[in-house]
1. Within region 45-60, can one find any residue that is within 23 Å of residue 7 (Cβ to Cβ) and among the β-branched types (Val, Ile, Thr)?
2. Taking the conditions exactly as written (closer than 28 Å to residue 7 by Cα and either among the aromatic types (Phe, Trp, Tyr) or modelled with pLDDT of 95 or more (or both)), does residue 33 satisfy them or not?
3. State whether the residues of region 45-65 include one that is modelled with pLDDT of 90 or more, of a type in the set (Asp, Glu) and within 15 Å of the chain's Cα centre (by Cα).
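The values are calculated or read from the model by the stated rules, or taken from the named source; none is laboratory data. Computed from a prediction, not measured in an experiment: that's the story for all the values here. All Cβ positions, glycine included, derive from the backbone under ideal geometry; neighbour counts span all protein chains shown.
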Amino acid sequence: MSVYRSVAAWRHTLESILAIGPKLTDPQWVAPTECPDWTVKDIFAHVIGGERWMADGHPPLTMDFQEWAAAPVRA
């Protein structure tokens with residue numbers, strides 16, 4: 001897959017995730033997921049947190065990976 005196709009696929013995925021958010025109802029936001037103890041809202045926050053980290057230029061992590069991955073969920 002070319003880099004352009006990869007970027008296009010990533011952009012489509014991100015745009016789709018952002019389009020879904022405003023459409024979710026309160027019960028859908030708090031619905032459980034296959035990730036133990038994480039709701040739909042938690043997964044959304046985790047994905048957006050990772051995207052923000054990438055947009056910030058991949059700064060070095062100042063905590064262990066699991067802590068870093070959960071930080072946007074706690075916020």
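1. yes
2. yes
3. No: zero hits.
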